Amino acid sequence: MIGALGPVVAGAPPMTLQLDGAGRFGRRRPRVLWAGVVGDVDALSVVADRLAAAARHAGVPVEDRPLVPHLTLGRWPGTAQADPQLTDALVGEHGPAWAVSEVVLWRSPLGRPYERVTSWATHQA
């Protein structure tokens, strides 16, 4: 499957993204704090859809929910919930814009640090 993803990234349109605001994931017990991503999110969504299609074609299960472009800032363990004051403190905050130069595939083993599997340069690199 990994070999099928490289051409998808190589065909990605140029994208500039920026961190903007924050939110929490988890309906009843929000346990994830995230920073929102704005900018060329339509182009990002196209790439995400194409990557998901390539994964499905390779027989890899893919979650069927809309893309919410974000950067995970923290997770709370067990029954603890993400502090809403942290979300409120980030309202109106904006990070610097950056040109996307690569797409990285990460493995996220439960309870352990993320592991970088591989990456592909975009045509802007």
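The values are calculated or read from the model by the stated rules, or taken from the named source; none is laboratory data. Please read these numbers as outputs of a predicted model, since none were measured by experiment. Note: ideal-geometry Cβ built from the backbone for every residue, glycine included; neighbour counts use all protein chains shown.
Key figures
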{"item": "Odd one out for V8, checked against (1) assigned to a helix (DSSP H, G or I); (2) surrounded by fewer than 16 Cβ atoms within 10 Å (Cβ to Cβ)", "result": "(2)"}
{"item": "Criterion: in contact (Cβ under 8 Å) with a residue 60 or more places away in the chain and of a type in the set (D, E, K, R) - qualifying residue of R50, R56, R24, R28", "result": "R24"}
{"item": "All positions within the range 69-84 that are in a loop (DSSP other than H, G, I, E, B) and either touching a Pro at 6+ places or on another chain (Cβ under 7 Å) or surrounded by 12 or more Cβ atoms within 10 Å (Cβ to Cβ) (or both)", "result": "P69, W76, Q81, A82, D83"}
{"item": "Count of the range 12-26 residues which are surrounded by fewer than 19 Cβ atoms within 10 Å (Cβ to Cβ) and within 23 Å of P61 (Cα to Cα)", "result": "2"}
{"item": "One residue from E115, E63, E102 being in contact (Cβ under 8 Å) with a residue 12 or more places away in the chain and charged (D, E, K, R)", "result": "E102"}
{"item": "Of residues in the range 11-21 being of a type in the set (G, A, S) and assigned to a loop (DSSP other than H, G, I, E, B), the one nearest to T87 (Cα to Cα)", "result": "A12"}
{"item": "Meets criteria (of a type in the set (V, I, T) and buried (at least 16 other Cβ atoms within 10 Å of the Cβ)) for V100", "result": "yes"}
{"item": "So A97, is it small (G, A, S) and under 23 Å from H123 (Cα atoms)", "result": "yes"}
{"item": "Residue check for A125: assigned to a loop (DSSP other than H, G, I, E, B), farther than 19 Å from M15 by Cβ, modelled with pLDDT under 90 and more than 15 Å from the chain's Cα centre (by Cα)", "result": "no"}
{"item": "Residue within the range 39-49 that is under 17 Å from the mean Cα position of the chain (by Cα), assigned to a loop (DSSP other than H, G, I, E, B) and surrounded by 12 or more Cβ atoms within 10 Å (Cβ to Cβ) present", "result": "yes"}
